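Novice: My questions will all concern the structure given below.
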Amino acid sequence: MIRSRSDVPANYEFHVESMGKSDFPGYDTVTVDFSADGKTSKPIPFLLSKDGKTLAQFTKFDISKDLRTLVPGSDNRPGRGGPVSAPVLIVGFDDLECPFCARMNAQLFPALLDRYKDQVRIVYRDFPLDQHPWALHAAVDTNCVGAQSNAGYWSLVDYIHAHADEIGGTEKTVAKANEMLDKLARDEGQRRKVNEAALSACIAKQDTTVIKESMKEAEDLGVSATPALFINGEKIEGAQPLEYVYRMIDGALVAAGKTLPPAPTTPPTAATPAKQGN
């Protein structure tokens, strides 16, 4: 009956893994899986009535947790916009060599800050892709600056995103790109009057531990590409119309009992990235 009702192809093998009590009176749990071509599905739970006449399937969601807590490690990251207590937390998994991330950084986020002011807090987490050869190094360098200066972190992120095609110089080698990134980070640190010795040591060490942890957390959340956003824990992947993002933020504000800002009357304009030294 399960095979018939689930439209399982005839070439799939069907296995009943277990049967037992369920949380619902009058029903038992039947856990099954299907396999074909050497691959096996995840266990699939069904409910079978005690009289054997009703078969049911449903999905149970745990709604006891605040969705914001599903994206960990955001409170200790550099943020822009509102404070840590802002009613809406927007976490973006970012790749500094990703052109789509650069477009979002230049257009979407300035529009959101312009409309929502301190009602939203924007935080970036690192997700450098393997196909981008200097993205990991860029993530390390921006984090080294961010460890001492929130403003310096965002200034450097904005600059790298806006000038990614210049990183690597005319040689377009990874070595040259890394050299340029290190200089940009040191120049930004000098501008922000950070501890230059500590910054240089951080840049030289190129410790990727925190970044690898961020990547693992992103994968656990189902992120496979950039950009990926989480608005109070609700995921948005790929380029989406600004109106759709507004709608999600408005919903989060309403859920938090906050007053919505006036609807925008003119199209948003992109912010001008901060200038950097050569």
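The values are calculated or read from the model by the stated rules, or taken from the named source; none is laboratory data. Quick caveat: nothing in here was measured; it's all calculated off a predicted structure. Positions of Cβ are generated from backbone atoms using ideal geometry, with glycine treated the same way; all protein chains shown enter the neighbour counts.
Novice: Does region 254-264 hold any residues that are assigned to a loop (DSSP other than H, G, I, E, B) and free of Cβ contacts under 8 Å to residues at least 24 places away in the same chain, and which are they?
Specialist: Of all residues in region 254-264, those assigned to a loop (DSSP other than H, G, I, E, B) come to 256-264.
Answer for region 254-264, where residues must be assigned to a loop (DSSP other than H, G, I, E, B) and free of Cβ contacts under 8 Å to residues at least 24 places away in the same chain: G257, T259, L260, P262, A263.
Novice: So which of G38, G73, G52 ends up being in contact (Cβ under 8 Å) with a residue 24 or more places away in the chain and either in contact with a strand residue (DSSP E or B) (Cβ under 7 Å, 6 or more places away or on another chain) or not acidic (D, E) (or both)?
Specialist: Values: G38 fails: in contact (Cβ under 8 Å) with a residue 24 or more places away in the chain; G52 fails: in contact (Cβ under 8 Å) with a residue 24 or more places away in the chain.
Only one candidate passes the filter, namely G73.
Novice: Consider G169 carefully, then state whether it is at pLDDT below 95 and assigned by TED's automatic domain parsing to the domain that holds E213.
Specialist: Working: at pLDDT below 95: yes; assigned by TED's automatic domain parsing to the domain that holds E213: yes.
When the stated conditions are applied, G169 passes them.
Novice: Whether any residue in region 239-250 is surrounded by 15 or more Cβ atoms within 10 Å (Cβ to Cβ), of a type in the set (A, V, I, L, M, F, W, C) and at pLDDT 95 or above is what I want to check.
Specialist: Looking for residues that are surrounded by 15 or more Cβ atoms within 10 Å (Cβ to Cβ), of a type in the set (A, V, I, L, M, F, W, C) and at pLDDT 95 or above, one finds at least one in region 239-250, hence yes.
Novice: If you don't mind, there's one more thing I want to ask. Among G169, G222, G251, which is the only one that is in a loop (DSSP other than H, G, I, E, B) and within 24 Å of T69 (Cβ to Cβ)?
Specialist: On the way: G169 fails: within 24 Å of T69 (Cβ to Cβ); G251 fails: in a loop (DSSP other than H, G, I, E, B).
Among G169, G222, G251, only G222 is in a loop (DSSP other than H, G, I, E, B) and within 24 Å of T69 (Cβ to Cβ).
Novice: Could I ask something else about it? Scan region 174-203 for residues that are out of contact with any Pro (no Cβ under 9 Å at 6 or more places or on another chain) and β-branched (V, I, T) and jot them down.
Specialist: Passing the criteria: V194, I203.
Novice: Looking at region 90-102, is at least one residue part of a loop (DSSP other than H, G, I, E, B), of a type in the set (A, V, I, L, M), over 34 Å from the mean Cα position of the chain (by Cα) and surrounded by 14 or more Cβ atoms within 10 Å (Cβ to Cβ)? So that I can check it myself, show each step before the final result.
Specialist: Pass one, region 90-102, residues part of a loop (DSSP other than H, G, I, E, B): 95-98.
This time we only want the ones that are of a type in the set (A, V, I, L, M), so: 96.
Among the residues that remain, those that are also over 34 Å from the mean Cα position of the chain (by Cα) are: none.
No; the residues of region 90-102 include none that is part of a loop (DSSP other than H, G, I, E, B), of a type in the set (A, V, I, L, M), over 34 Å from the mean Cα position of the chain (by Cα) and surrounded by 14 or more Cβ atoms within 10 Å (Cβ to Cβ).
Novice: Taking region 82-112 on its own, how many of its residues are among the charged types (D, E, K, R) and either under 16 Å from D250 (Cα atoms) or in contact with an Asp or Glu (Cβ under 9 Å, 6 or more places away or on another chain) (or both)? Lay out the reasoning, then the answer.
Specialist: Taking region 82-112 as the starting set, the residues that turn out to be among the charged types (D, E, K, R) are 94-95, 97, 103.
Narrowing the set further to residues that are either under 16 Å from D250 (Cα atoms) or in contact with an Asp or Glu (Cβ under 9 Å, 6 or more places away or on another chain) (or both) leaves 94-95.
Residues meeting the conditions: 2.
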